[in-house]
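Here's the structure, in structure tokens; my notes come after.
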Amino acid sequence: MARGGAEKDRSDGPERKCIATGEVQPKQGLIRFVMGPDGQVVADVFGKLPGRGVYVTASRSALDTAVKKKLFARGFKAQVKVPEDLADEVERQVLRRLVDLISLARKSGDAVGGYEKVKDWLLKEEASVLIQAADGSGRGKSKLSTPHRGNYIGCLSADELGMAFGRQTVIHAALASGGLSKRVVEEAQRLQGLREMVGGKGRTEG
């Protein structure tokens, strides 16, 4: 599997149509939005808020298109208020969810941080996901390889990955198979999409 995340399985779970691209895809690759009582568009990252939802592909470009072309009003068939920082707020929420999921995996013994621990898990084939900070040393990161048939996550900064492990910074981390690994990979794919800028340069890479 090439670095950058797992391939999307279009047969996995329910599908929804993106109001920006018109594409139908699995819900995990989309961000759900609902309309609040005051007509304001609200991001429903957890997918649990009541009311009719509309969906946008988890990418900065799709969100920008939905805002600029007033597609939320069309999707809800009503006048809506769209926050100016909607895309940034969605990114913050997805980041928080990803950090929380990795933290939960750590607490349950399904995640480790630090070069030596990650290297050990990779050698013992206990890791299914390799996570490395986007702003970490390229030379250091190149010494560890993505697990065979596994996944690679590289959209977090060292500070953000550190939050998941209760440390100031973390450059290398790994997840065991099963547990929360699938949800972590899915959330990381959404965050990566939200951080991809024109030309493919990630926001965490400076």
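Values quoted throughout were computed directly from the atomic coordinates according to the rules given, and no laboratory measurement underlies them. These numbers come from a predicted model, not from an experiment. Counting neighbours? That spans all protein chains shown, and the Cβs are built from the backbone with ideal geometry, glycine included.
At-a-glance table
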| read-out | value |
| --- | --- |
| Rel. contact order, % - alpha carbon contacts under 8 angstrom, at least six apart, the chain | 24 |
| Amide hydrogen neighbours beyond the local backbone of Leu30, cut-off 5 Å, H modeled | Ala58 |
| Neighbour cut-off at most 16 other Cβ (10 Å), DSSP loop, trypsin sites (Lys or Arg not before Pro), segment 138-196 | Lys143, Arg149, Arg167 |
| Positive-end residue of Ser181, Ala158, Gly136, charge dipole of the chain with Cβ unit charges | Ser181 |
| Dipole magnitude of segment 30-119 about its Cα centre (Cβ charges: Lys, Arg +1; Asp, Glu -1), debye to nearest 20 | 280 |
| Using a Förster distance of 35 Å, the FRET efficiency for Arg167-Lys124 (Cβ separation, nearest 0.05) | 0.95 |
| Net charge dipole size for segment 109-188 [Lys, Arg +1 and Asp, Glu -1 on Cβ; Debye, nearest 20] | 240 |
| Across Lys48/Lys68; Lys48/Lys107; Lys48/Lys70; Lys107/Lys143; Lys27/Lys182, pairs whose alpha-carbon gap is larger than 21 Å | Lys48/Lys68; Lys48/Lys107; Lys48/Lys70; Lys107/Lys143 |
| Estimated dipole of segment 56-192 in Debye, rounded to 20 [Cβ of Lys and Arg +1, of Asp and Glu -1, Cα centre] | 400 |
| Estimated [θ] at 222 nm from DSSP helical runs (n ≥ 4, -39500 (n - 2.57)) normalised by residues in the chain, nearest 500 | -10500 deg cm²/dmol |
| Which of Ser61, Ala105, Thr21, positive extreme of dipole for the chain (C-beta unit charges) | Thr21 |
